[in-house]
Every structure is written in structure tokens, then in C-alpha cells.
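Below you'll find the structure, written out as C-alpha cells, and then a few comments.
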């Protein structure tokens, strides 16, 4: 039903505009409802409106609809500015620096964690084979002893418990436990048919699984930390807000990988992207979702602030006020979190667009394609100098 | 301005929390303002019954209390309790239900049970009963002897708001009326 309505409206207005109107309409409706609750005058207006004859209702409805459309257009032009506020784009440099310090520390922490995780992973990978061989040899030696007096120690129990709880395993503890198990296997047989022997045999198997788990765990941790740094931080030049950092990731990616200034070439790249009828709608959809959430977030903030200030002076809504005062910020936070997720997805699409279509852009600019990555790096730099700064670098152009 | 990274982080934290602190402070202040400015609903401007009031109950100031949700300072706008005192309930009012002047009348509507008669008995010899008895109560009759039967009080009639020289209107059968042949020697006992 809603889909059909959207499709019909789309024939009149763009989909982005229609979808972007939804938060504003909801905002206007909710404000109207609040006004109805607190204002007897507004209630009288509504009653008077409902009592009007059909012709007057139609005229008034049309006027209201036009007002909403104009308001929607005006509001849609503000979306970029509102997003930039959330990105911390217009802050005083001192304030921006102070706010970004948190993210600089977070980045440093993540990088340190990544460094440690990589080190652990490297060490475990290096030792894995030798540990396995060591345990196998010890088992062979122990088989000849014909005795078995084994009991699982507390440390191994703890390590196995950490494994089943999907927690990190300390490398030194693991190393110690492998040594202990090697000694135990050397002095005890695993082939005898008694409970202690069977337990030792089982624990050797568990030890091997523990080593494999440690490798997998640190591998996953390295990947997770790496992705977090890649998706949430634009290199070392950190922005004052989380959204600002995510927003700068794509530009940093293009700059660091290809020396391509996305600020300058994004509009041109979009022209190339439009030719791909599969990719471009996905990109547009992602941007539309992001704008929708940004609008929703700001309208929730505005709605909350208006009524949290107005209600006390109206003397109305004793029960509504606490709900609004708590629910408004909670909802704003939820919209912000969802917007961050969407921004990450959108940013990834932009990065993919840079990877996949930058050479098509060069073709579009009639510039011969570079033969290797280093040449491409220099080419984008030179192109930027010429197009953005008016440098007189000469280019060989390729006729279509 | 050049400051070290720790100070910068601290200032950043302050700046980040400042809007939340300001908002929370305003919410607390705003809620207080709201409670002070709260629009009083007409339904709050009322008295409620402190107990169950039978029909023809002679209302005293102890029978009514201002609605608890109405702040003390606004209770001055309520009608004076004296306006309720000495009037009779026109219908049964349960405990906690609102009591308005419209629910009261200046005199009781006496309606004895079928086959019985309403008998007014002066309490001049038992003035203390005037403070205790009210419509709906049951009493026993002691003439020469005390009978075991209970008699319903239909109403209590007092000449003034103060309960002096009151009479009770009893719902009596004709045989019970005969026991009142010498009223001076009749006493009522509470059941």
C-alpha cells in the first residue's frame, strides 16, 4: 500500500524527496497532536476546520499541502548542513581539537591492540607446528612408560573455560600449559585402559583444539580491529565526532590509495557512476537512507527541545513531560546509532565506487590510462594540481 | 591556544557532557515549573466521601475531605465545608466518591419500609447518640425490657448544624410503635 503510494508520488516528485518528506510530515503531525493537547485555541481551530463545508476544506487542505511541500523543499536543502553539524564540520578549531582528542586516544588504543593481537598471532602461528610436534613426540615417549597418574590441573581447566566462553587466551599461559602437557605426556602413558589415561588422552586432544582456537581467536581479533580502524578512522587526521570520522573515511581512502582528491572528483565520478544502472541506484538508496535518518534525528531533537521548553510554561502534560524528556534523547541516540551504521555502509559504497570507476573517470576526461599503480598515483596528483589549483601541468589527451 | 593532550581530552569530555548536563538541569527545572503552573482540572476541585454515606445521611465536616491530588494552596477555591454540614445525602455515596452540593438536600426524604411507619424519637435524654447515629444505622429498643430486635435509623434530625436536641427517625412496625407509649422510659441502644 505504502509502496504503491510512494511509486505514484514518485511520478510527481523524486523518490528522495518523497521519502525525505516522511520525517517532516511525522514531525508536523506530532507537533499538531501536542498542540491539540495543550492549546484550547488550537482545538477550536480544528473543530472549526472540521465544521467547514467541503469546498472550504478542499481549499484549506490544498493550501496546507502546498505549505508542506515548500517546507519539505526548504528542509531538504538543509540536510547537508545538518549532516555536517553532526560531523563536527563547522566547529571552532580549538573545540574541534578538544573533541577529537577522544577519538585520537581511541585510535591509539585500537592500534596498540591491533599491534599486540598481530604479535600474538604471529607467535602462535610460529609455535603451533612445533607445539604439535612436541606433544606428539612426548606422547610416543610416554606410551613406553606403562604408567599413568594424571589429573587435569587448574590452569588447563581455566584455559578451557576461557575457550568455551570465547575469551582471549594469554599466550604465555598457553605456552606454559603446552610445556606442562609435554612433561606429563612424557611421564605418562595415554594408551593404557584406565580413567587417568583416558583423561590424559582427551586433554591432549583438547590442548590441540585450544591452540587452534587461540589462532582463530587472534586472527578474528586482528581482522575486527583492522576493520574498525579502516571503517571508523580516516587515518591519523581524526574528526571531532564519530560521524565526522566515518564521513572522512572514503576521502582518506581515495587519497591514500590513489592520491585522488574525492572532494574534487566526486561530482565527476557520479557522472560515470550513473552509467552503471545496477550500482548507482544502490548508492543513491544508501544516501537516501542516510539523509532520512539525519532528518529524523534532527526533527526528533527539535521536537523534544520545543516541547520540553514549552510544556512547563503551558502548565500541561505532567505525565507527558517526563516521557518526552527521556524518550526524546533516547530516540535521538537510536537514530544516531542507526545513522552511523548507514554511513559506514554508504562510505564503503563510495570506496567501492572509487576502486571500480576511477579509471572510467580518467577515460571520461580523455586521459590515457596509467600502466601501473605508481603512475596512477602521480597522475591523480598532477590532475588535481591542474584542475583544482590551476597549475599549468601539461597532459596528453586521448581522442575518443 | 596550546594545551597538552590530557587537558585537551578533559576539555573535550566537558564539552561533550555540557549539553547533556544543561538539558538534564532544564528538565528538572522545567518539571518543577510545570508542576507549579499545572492547569487544575475541574475534577480536582471536589470533596470526596471519607466513608460510605447512606441515603439521608446527615453530613458533617468529618464525612468529606478535599481531593488528595489538589495542592493545599488551591484548596481555598473549594466551597466551604460548612456549606455541606447539616445537609442530607440524596443518594448513597461510596467511600472515595465525590460529594457535591448537588448530591445533598436540606431535609431527608423519609421512606419507611413496606407496612412500617417512620417514627421520630427525640434524643433529649440520650444527647450523645446524636453524634453517633446516622441514617443506615441499627439500634435496639429498651422500654420496660430490652428487645432483641434491630430497628433501622431512617434519618437523624437536628435543629441546627450542631447536633443538639436531635431526633432519630426510626423505621418501626406497628407493634414496635406500641413500645413507645411512654417515650420518656424508652432508650435506644446501639446495635
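By how many degrees, between 0 and 90 and to the nearest 10, does the Cα long axis of helix A:93-143 differ from the longest principal axis of chain A?
30 degrees
Exposure proxy check: A:61, A:76 ranked by fewest other beta carbons within 10 Å?
So the residues, fewest neighbours to most, are A:61, A:76.
What does the helix-only formula give at 222 nm for chain A: each DSSP H stretch with n ≥ 4 adding -39500 (n - 2.57), the total divided by the residues, and the result rounded to the nearest 500 deg cm²/dmol?
-28500 deg cm²/dmol
Between segment A:309-343 and segment A:215-283, how far is it from one alpha carbon centroid to the other, in angstrom?
32 Å
So what is Rg over Rh here for segment B:98-185, counting just Cα atoms and using Kirkwood for Rh?
So for segment B:98-185, dividing Rg by the Kirkwood Rh gives 0.98.
Would you work out if segment A:32-100 is rounded, prolate or oblate? Take a ≥ b ≥ c from the square roots of the eigenvalues of the alpha-carbon gyration tensor; rounded if a/c is under 1.5, else prolate when a/b is larger than b/c, oblate otherwise.
It comes out oblate by the Cα gyration axes.
Just subtract the alpha-carbon distance of residue B:3 and residue B:33 from 0.36 nm times their residue separation and send over the number in nm, one decimal.
6.7 nm
Say we join alpha carbon atoms closer than 10 Å with springs in a Gaussian network model of chain B; which of B:142, B:166, B:158 then has the biggest fluctuation?
B:142
Quick check: the angle from helix B:5-37's long axis to the longest principal axis of chain B, C-alpha only, nearest 10 degrees?
Once rounded, the angle reads 30 degrees.
How many partner chain Cβ atoms sit within 10 Å of a residue's Cβ in peptide B:140-152, on average, as a whole number?
Mean inter-chain Cβ contacts per residue within 10 Å come to 0.
Compute the acute angle (0 to 90°) between the alpha-carbon long axis of helix A:195-232 and the principal axis of greatest extent of the alpha-carbon atoms of chain A; round to the nearest 10°.
So the helix axis and the longest Cα principal axis differ by about 30 degrees.
Pairs of Cα atoms under 8 Å, at least six residues apart: use those to get the relative contact order of segment B:21-106, whole percent.
Across segment B:21-106, relative contact order equals 35 percent.
Just the Cα atoms of the protein assembly as shown: what Rg and Dmax do they give in Å?
Answer for the protein assembly as shown, Rg first and Dmax second: 43.2, 137 Å.
Where is the GNM fluctuation largest for chain B (alpha-carbon springs, 10 angstrom cutoff): B:163, B:95, B:16?
Greatest mean-square fluctuation among the candidates belongs to B:16.
Roughly how crowded by other chains is peptide A:305-313, in terms of the mean Cβ count from those chains within 10 Å of each of its Cβ atoms?
So the per-residue partner count for this stretch is 4.
Figure the gain on full extension for residue A:282 and residue A:59 (residue separation times 0.36 nm, minus the Cα-Cα span) and round it to one decimal in nm.
Contour length minus Cα-Cα distance gives 76.3 nm.
Contact order normalised by length for chain B, with contacts defined as Cα pairs under 8 Å and 6 or more residues apart; what percent is it?
With pairs under 8 Å counted, the relative contact order is 18 percent.
Wrap a convex hull around the Cα atoms of segment A:331-383, take a quarter of its surface area, and give that in square nanometres.
4.9 nm²
Could you calculate the FRET efficiency of residue A:52 with residue B:98 from 1/(1 + (r/R0)^6), where r is the beta carbon distance between them and R0 is 35 Å, rounded to 0.05?
Plugging the Cβ-Cβ distance into 1/(1 + (r/R0)^6) gives 0.35.
On a C-alpha basis, how far is the centre of segment A:158-212 from the centre of segment B:47-76 in Å? Whole number, if you could?
A separation of 79 Å, based on Cα centres.
Calculate the FRET efficiency for residue A:310 and residue A:140 from the Cβ-Cβ distance with a Förster distance of 60 Å, rounded to the nearest 0.05.
0.15
If you take each beta carbon of peptide A:323-329 and count the beta carbons of other chains within 10 angstrom, what is the mean?
2
In 5 Å bins starting at 0, how do the alpha-carbon pair distances of chain B split up by percent?
1, 7, 12, 13, 12, 9, 7, 6, 5, 4, 4, 3, 3, 3, 3, 2, 2, 2, 1, 1, 0, 0
Three principal axis extents, largest first, for the C-alpha atoms of segment B:71-132, in Å?
Principal extents (Cα only, largest first): 50, 29, 20 Å.
Assuming a ≥ b ≥ c are the square roots of the Cα gyration tensor eigenvalues, decide whether segment B:124-164 counts as rounded (a/c under 1.5), prolate (otherwise, with a/b larger than b/c) or oblate.
Verdict is oblate for segment B:124-164.
In deg cm²/dmol and to the nearest 500, what is the mean residue ellipticity at 222 nm of chain B if only DSSP H runs of at least 4 residues count, each as -39500 (n - 2.57), divided by the residue total?
-7500 deg cm²/dmol
Can you tell me, using C-alpha contacts under 8 Å and at least 6 residues apart, the relative contact order of chain A as a whole percent?
Dividing the mean separation by the residue count of chain A yields 19 percent.
What shape does segment A:1-151 have by the C-alpha gyration tensor, where a ≥ b ≥ c are the square roots of the eigenvalues, rounded means a/c under 1.5, and otherwise prolate means a/b greater than b/c and oblate the rest?
prolate
All of the numbers you see were taken from the coordinates with simple rules; none came from a lab. The shown structure was predicted, so the numbers you read here are calculated from the model rather than taken from an experiment. Glycine gets a Cβ as well: all are built from the backbone with ideal geometry, and neighbour counts include every protein chain shown.
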